[in-house]
1. Anything in segment 189-206 that is open to solvent by 40 Å² or more (accessible area, probe 1.4 Å), within 13 Å of ligand 1 (Cβ to nearest atom) and either polar (S, T, N, Q) or not in a loop (DSSP other than H, G, I, E, B) (or both)? List them, or say none.
2. For segment 116-137, what are the residues that are in a loop (DSSP other than H, G, I, E, B) and within 13 Å of ligand 2 (Cβ to nearest atom)?
3. I'm trying to understand the selection: among the residues of segment 208-218, which are hydrophobic (A, V, I, L, M, F, W, C) and either at pLDDT below 95 or buried (at least 22 other Cβ atoms within 10 Å of the Cβ) (or both)?
4. Return the residues of segment 30-71 that are assigned to a loop (DSSP other than H, G, I, E, B), open to solvent by less than 80 Å² (accessible area, probe 1.4 Å) and not aliphatic (A, V, I, L, M); say none if nothing qualifies.
5. Could you please give the count of residues in segment 207-224 that are within 10 Å of ligand 1 (Cβ to nearest atom) and part of a strand (DSSP E or B)?
6. Of the residues in segment 85-116, how many are without any contact (Cβ under 8 Å) to a residue 60 or more places away in the chain, open to solvent by less than 30 Å² (accessible area, probe 1.4 Å) and either farther than 23 Å from ALA242 by Cβ or aromatic (Phe, Trp, Tyr) (or both)?
7. Yes or no: segment 131-142 includes at least one residue that is within 14 Å of ligand 1 (Cβ to nearest atom) and in contact (Cβ under 8 Å) with a residue 12 or more places away in the chain.
8. Could you say whether any residue in segment 143-152 is exposed (fewer than 14 other Cβ atoms within 10 Å of the Cβ) and touching a helix residue (DSSP H, G or I) at 6+ places or on another chain (Cβ under 8 Å)?
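The values are calculated or read from the model by the stated rules, or taken from the named source; none is laboratory data. All values reported here derive from a predicted model rather than from experimental measurement. Here the Cβ is made from the backbone with ideal geometry for all residues, glycine too, and neighbour counts use every protein chain on show. Each accessible area value is taken on the protein alone, full model and side chains, heavy atoms only, with ligands, DNA and RNA left out. Shrake-Rupley method; radii C 1.70, N 1.55, O 1.52, S 1.80 Å.
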Amino acid sequence: MNTSAMIQELKTRLARHTAVTVLTGAGISADSGVPTFRGQDGLWNNYRPEELASPEAFDRDPRLVWEWYNWRRNLIRNCQPNPAHYALVDLERRGGTFRIITQNVDGLHTLAGSQRVSEIHGNIWKVRCTRCGRTAVNREVPIAILPHCSHCQGLLRPHIVWFGESLDPVDLQQSHDALRQCELLLIIGTSGVVYPAASFGSVAKEHGAFVAELNRDPTPHSDLVDMAIHGSAQDLVPQLLA
Ligand code: BJW
Ligand code: ZN
């Protein structure tokens, strides 16, 4: 099936189905100028994840980790949602059971206007106290290094899920509910290598959903999903709603 035939089939399914779940990754924000993690221009080409995105790294050198997050916050604050984010807002407004499960920490889905969003890897605009666990929104750029909690003076960290850390049980529950309930799962712009999100396509499929992947490049899941469409998210996603 060629791309336009696949888009047409997805449009028909979207019009028919009343339970839709969308899993997004860095690729949906790439067109907004947010760097992805893997691939040619990915962050992990220049930075080692274990030195920046792990609890051990933060224990060892919180200043270095915060400097990296200041650099990222500065970059992301100038990024705006793109047509793919806005198309998903329109999709939610059509009604029915809907949820976006995003691995992105940039907050662009909610900035675009999406309501039912589970940010399973956290949010770069939130901080969390390493002592009392309180979370707060903090949009300062640069954030004062090292930031401390106004309640208990504990050291603040980014409210982001690093490697080896568990996801928030509420986010996990919401995600699993959405994966079990949906008739259609759209997987947009993720390389599909980071767990548990990498297993979400199989979970939805086991529960009877039609699973479609929209990605610039093939992924390890492209042959396992019901449909894989290649192209940029900002071109493909709005076409589904046109
Ligand atoms: C476009 C495009 C365009 C580009 N249009 N498309 C089971 C098996 C093996 C390992 C594990 C396992 N369970 C857990 C693990 C360990 C680990 C893991 O998965 N490791 C793997 C790498 C092997 N997982 C965890 O540690 C997770 N915790 C957990 O499971 O707890 C329980 C547990 C712990 C330990 C052992 C067992 C159980 C937590 C994962 C947290 C991930 N955090 C990060 C970093 C945050 C730092 C930060 O942002 O500040 O989150 S990693 C990084 O990858 C980031 C992303 O959210 C995540 C996913 O990346 P994503 O979104 O897929 O981006 P890319 O760059 O990889 O791909 C972009 C895609 O877009 C590409 O496909 C392009 O083609 C495409 N694209 N332009 C459309 N314009
Ligand atoms: Zn505190």
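1. SER191, SER202
2. Filtering segment 116-137 down to residues in a loop (DSSP other than H, G, I, E, B) leaves 116, 120-121, 130-134.
Correct list: THR130, ARG131, CYS132, GLY133, ARG134.
3. The initial filter retains those residues of segment 208-218 that are hydrophobic (A, V, I, L, M, F, W, C), namely 209-212, 214.
Those that are hydrophobic (A, V, I, L, M, F, W, C) and either at pLDDT below 95 or buried (at least 22 other Cβ atoms within 10 Å of the Cβ) (or both): ALA209, VAL211, ALA212, LEU214.
4. ASP31, SER32, GLY33, PRO35, THR36, PHE37, GLY39, GLY42, TYR47, SER54, ASP61
5. Of the residues in segment 207-224, 3 are within 10 Å of ligand 1 (Cβ to nearest atom) and part of a strand (DSSP E or B).
6. 2
7. Filtering segment 131-142 for residues within 14 Å of ligand 1 (Cβ to nearest atom) gives none.
No, segment 131-142 contains no residue that is within 14 Å of ligand 1 (Cβ to nearest atom) and in contact (Cβ under 8 Å) with a residue 12 or more places away in the chain.
8. yes
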